[in-house]
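What follows is one structure encoded as structure tokens, with my remarks underneath.
The numbers here are math on the coordinates, done by the rules we state, and not lab data. Just so it is clear, the structure is predicted and the values come from calculations on it, not from any experiment. Glycine also receives a Cβ, built like all others from the backbone with ideal geometry; neighbour counts cover every protein chain displayed.
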Amino acid sequence: MKKWGFLLLLIFCFCLPFMNIDSFFDNQKDLPKDEHYENELVKEGMISETLENIEITKEEVYEGNLLLVNSEFPVHPDSIKSDVINLSAHDELTKGYGLLDSEIYLSEEIARRFSEMISAAEKEGVRHFSINSGFRDFDEQSKLYEEMGSAYALPAGYSEHNLGLSLDVGSTQMEMAQAPEGKWIEENAWKYGFILRYPKDKTAITGIQYEPWHIRYVGLPHSVIMEEKNLALEEYLDYLKEQKSISTTINGGKYQISYYPVTEDTTIQVPSNFPFEISGNNMDGVIVTVFSGTIHNSLRELKEAE
Ligand SMILES: [Zn+2]
């Protein structure tokens, strides 16, 4: 018997380095496990069952790249991107395209994503892009609204431009609706995390006329799913709320996207061994996106990683 005990101890010690110590010693029985995480992620072998608790504050409903801004859901002061820069002072981010004037502002992160997209377009022979408008503060938005009227501009606080996540892209050659630049954006922006926010076939949902120039950053994998399912941002956020949790594979990259209602500060569980991003929806909850590996910003990055 002693021999067996010793053997078991030996096996245990041998296996210890290969075990997940956290899940071995710390079973989180005292906290209610989130059903949809348990079922989808673990079942698919996408993540281990080790989960960690994170606190979600009410403010997080108003932060992130998936915020919905329209006539019903105005911009919350906390939603404005904190990394807004004047593009004319950043030559490294404005290669390969023009700026309408020296007062074009944008989130630095979004400017970087845009710049990567433009260099991809250039390789495909489409190279006459300009940014005509980017981030606008409430004062500038008010001025624009007063000067141009409601047919052209939205009142302050109701425009995505007030977030720093949207920009108006133009062609230096002709109107976007006719330009190769417009066609390229329409066909390819989703591969780089951008969406055409006001498409021709969604005017009844967005309440905004077709704008082939206005793009909005949402990031991967969201832009890809929206393209595949032909969903406007309004529809996509509703879809996530309905489904509660979806998982998808894009070019070998696996993602789990889950919606959580947030009415007060709350605790949710996320896998402790994979990167994740949290974004509010500017309405009533947050969307947690879990990446099965490295976070990739474009389909091309994903392909290269394959
Ligand atoms: Zn716009």
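So the values come out like this:
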item: GluC sites (Glu not before Pro) restricted to DSSP loop in region 118-172 with at most 14 other C-beta within 10 Å; result: E124
item: Förster radius 25 Å - calculated FRET efficiency between K58 and D83, Cβ distance, rounded to 0.05; result: 0.65
item: Efficiency of FRET between N230 and E116 - r from beta-carbon atoms, R0 22 angstrom, step 0.05; result: 0.35
item: Peptides ranked, highest mean first, by Cβ atoms within 10 Å: ranges 93-105, 249-261; result: 249-261, 93-105
item: Nearest-0.05 FRET efficiency for Q173 and E242, computed from C-beta distance (R0 51 Å); result: 0.75
item: Taking E211, E63 and counting other C-beta atoms within 10 Å, the order from fewest to most; result: E211, E63
item: Mean-position separation - Cα centroids, region 223-262 and region 83-157, in angstrom; result: 27 Å
